[in-house]
Amino acid sequence: MKKSLKNYREAMSRTRGIFAQNPVLIGGLALPIAIMGTTSLMNAVALSIAAFATIVPLMLVASTAGKYIPLNLRRTCYVLLAAAILCGVSYPIGKISPGIFDSLGIYYSLMAVNTILLYRTETYAHHASPLAAVVDGLRNSLGFSLVICVMAILREVVGKGTLWGRPVQTAIVLPSVLLPFFGFIFLGMCCAGAKGLSHLMKSRLIRDKLRGNMQGE
Amino acid sequence: MKLTHRFPPHIRSRENNVTVMGDAVLALLPLYFMACFFYGPRAAALGILSVLVCFVSDLLCQKLAGRKIGVIDLSPVVTGLIIPLLLPASIPYSIVVVADLFAILVIKQPFGGLGQNIFNPAAGGLAFVTITWPNLVFRYTAPFEKLPLFGEITARLVASPAYQLKMGGIPYRDFTDMLFGNFPGPMGATNILVLATCLIFLVVRKSANGKAALAFLGTVTVFAFVFPRIDGARLQSVFYELCSGILLFGVVFFLNDPATSPKREASKIIYAAIAGAVTMLYRYFGGFEEGMVFAILLMNAFAWGIDMCCEQWISRERRKRLEKKSEKL
């Protein structure tokens, strides 16, 4: 049974950022984007692409060149770099749909100062090797995109009765699900669900371990 | 015979959860009687459906939370009875079910159930429905119109006096019609005299705070008198502001909710006065004709703050008085 606990810990450390220590659900980072950008699946996919495009290269930059930048200029440099990348990425994102930037509004530009980026570069990338930093960036962006895509699918189907712009058969359409207040409520419920799930897994594991110890005696 | 041993002090108060909620249920039943009188059996059907949905969802949530279900308090019944009374009689059944489910599953149970909810469940459910379907919630049928139990509602839908006030007009209903509730409006919130009787009943039974209700109504009166929406007719304006919308219903059942209002008497009065002002501001500048549910939800969020400020103020006053006394000695 000790082995299972070890396996669990290993699995948790491997999926750090995706399931365990998810930046949105456990860390509470990038909340405005997770709430306002999840009114449709197209928006969520566009934001996910932006997250991958900004977080992964900047983790690499922070782990390699971060030591040579003065401390008070670091964040400014990262944000400027992220803004430059976003300008470039806006070309492929614009191909998703013609009105995508109108529906995203300010929240596309806000990805340049997104808290996942600033938090992970400050706390992790400066002490880690470039490969580890890139993997961490990939995990965190994957965790962020998973959460916002799942939220966007549910909110779009219930709120508009469509999925990726195409009509879907639903029992009831509630337009107020698209408003920010429901985003807050829904994100809170997702956080509670994630916490409950991890609690359940841990408690089950401890119970198994205790039972194993008793049998061993 | 079973004898139980209890230590003193022996409190012989009759009050507990069930009696407080039972008083509210007793006060709500005459409103259902009046609603049935005006709109036929559809009103009763809406109430029964709503109570069933609330009760079952509440029970399921408690089971899910692993709580022991021994004592059944009447709070989901009160929530279920309040929600249809603030909607028009022509409302589809599905909307009432959505409001009930939102009230119990989102507003009440995630915070820990009865006594731990921050916001009033019925007000939350109604606010959600109001934002989602404003066209259906604010269009009423005239009283004494025959409404079928099932199927499409073909009766003519009209606007309420609150809408006429919002648009800058003068409601054409006369004095007695307004008092007896013979005007289009929410199912249970138009019977002004019955509601006033309910308020007196609850104050006498000590389930409601009379001073808080007076503070609320006083603020609304002053507001309507100083800034009348009907030009040049201040008293008329006061009368229509007090009688239209869900104002008096809110005073009786939302303002005195034991779980979400402040605990001290002084803070209750301050809370009620601010709630009155916020309600009037919603009416004057809000997007909808009636914003009392939003005002109540907003004030619920500040209830703890008002309680804390009052506590500090009162303790400071008490300290000053004690210091004066000690100086005299």
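The values are calculated or read from the model by the stated rules, or taken from the named source; none is laboratory data. Every value quoted in this text rests on a predicted model; they were computed, and no experiment measured them. Cβ coordinates were reconstructed from backbone atoms using ideal geometry, including for glycine residues, and neighbour counts include every protein chain displayed. SASA here: full protein model, heavy atoms, side chains in, ligands and nucleic acids out. Shrake-Rupley method; radii C 1.70, N 1.55, O 1.52, S 1.80 Å.
Observations
- Each peptide in B:148-154, B:123-129, A:205-211, B:41-47 was scored by the mean count of other Cβ atoms within 10 Å over its residues; highest first, the order is B:123-129, B:41-47, A:205-211, B:148-154.
- Partner chain coverage, peptide A:176-185 - average Cβ within 10 angstrom: 3
- Placing dummy labels 7 Å off each Cα toward the beta-carbon, the span from A:LEU80 to B:GLU327 is 6.4 nm.
- A straight Cα-to-Cα reach below 17 Å connects B:LYS206 with the aspartates and glutamates B:GLU15, B:ASP23, B:ASP257, B:GLU265, residues fewer than 8 places away in its own chain not being considered.
- The order of the peptides A:146-154, B:246-254 by mean Cβ neighbours within 10 Å, most packed first, is B:246-254, A:146-154.
- Each distinct pair of alpha carbons in the protein assembly as shown adds a 1/r term; the inverse of their mean, the Kirkwood radius, is 27.3 Å.
- Using R0 = 56 Å, the C-beta based FRET efficiency linking A:CYS149 and B:LYS320 works out to 0.40.
- Accessible surface ranking for B:GLU327, B:GLU317, 1.4 angstrom probe, highest first: B:GLU327, B:GLU317.
- Accessible area (Å², 1.4 Å probe, nearest 10) - A:CYS77: 50
- With a Förster radius of 30 Å applied to the beta-carbon distance between A:LYS195 and B:PHE225, the computed FRET efficiency rounds to 0.05.
- When the Gaussian network model of chain B links Cα atoms closer than 10 Å, the mean-square fluctuations of B:PHE55, B:PHE138, B:PHE227 top out at B:PHE227.
- Each Lys or Arg adds one and each Asp or Glu subtracts one; over the other residues with Cβ under 13 Å from the Cβ of A:VAL177, this totals +1.
- Net length gained if the chain between A:LEU178 and A:HIS127 were fully extended (0.36 nm per residue, minus Cα distance): 14.3 nm
- Ordering A:LEU41, A:LEU179, A:GLY143 by Cα displacement along the dipole of chain A toward the positive end leaves A:GLY143 in first place; charges were set at the Cβ atoms of Lys, Arg (+1) and Asp, Glu (-1).
- Comparing A:LEU200, A:LEU41, A:LEU104 in a Gaussian network model of chain A (Cα springs below 10 Å), the most mobile by mean-square fluctuation is A:LEU200.
- Straight-distance crosslink candidates among aspartates and glutamates, where the alpha carbon sits under 14 Å from B:LYS263 and sequence neighbours closer than 8 are dropped: B:ASP307, B:GLU311
- Cα gyration tensor shape for the range B:17-314, rounded if a/c is under 1.5, else prolate or oblate: oblate
- What the Cβ-Cβ distance of B:ARG234 and A:LEU73 gives, at R0 = 56 Å and to the nearest 0.05, is a FRET efficiency of 0.30.
- Links that overshoot a 23 Å alpha carbon limit, given the list A:LYS6/A:LYS209; B:LYS108/B:LYS211; A:LYS6/A:LYS202: B:LYS108/B:LYS211
- Each Lys or Arg adds one and each Asp or Glu subtracts one; over the other residues with Cβ under 12 Å from the Cβ of A:PRO167, this totals +1.
- Proportion of all alpha-carbon pairs of chain A beyond 23 Å (%): 53
- Counts of other chain beta carbons within 10 angstrom of each beta carbon in peptide A:155-164 average 0.
- All C-alpha pair distances within the range B:135-256, sorted into 5 Å bins from zero, spread as 2, 11, 19, 21, 19, 14, 9, 5, 2, 0 percent across the bins.
- Across B:PRO92, B:PRO110, B:PRO143, mean-square fluctuation computed from a Gaussian network of chain B (C-alpha pairs under 10 Å connected) peaks at B:PRO110.
- The residues packed around B:ALA212, meaning those with a beta-carbon under 9 Å from its beta-carbon, carry a net charge of +1 if Lys and Arg are +1 and Asp and Glu are -1.
- When each of the peptides B:111-119, B:61-69 is scored by how many other beta carbons lie within 10 Å of its residues on average, the order from highest to lowest is B:111-119, B:61-69.
- Take each residue of peptide B:95-105, count the partner chain Cβ atoms within 10 Å of its Cβ, and average: the result is 1.
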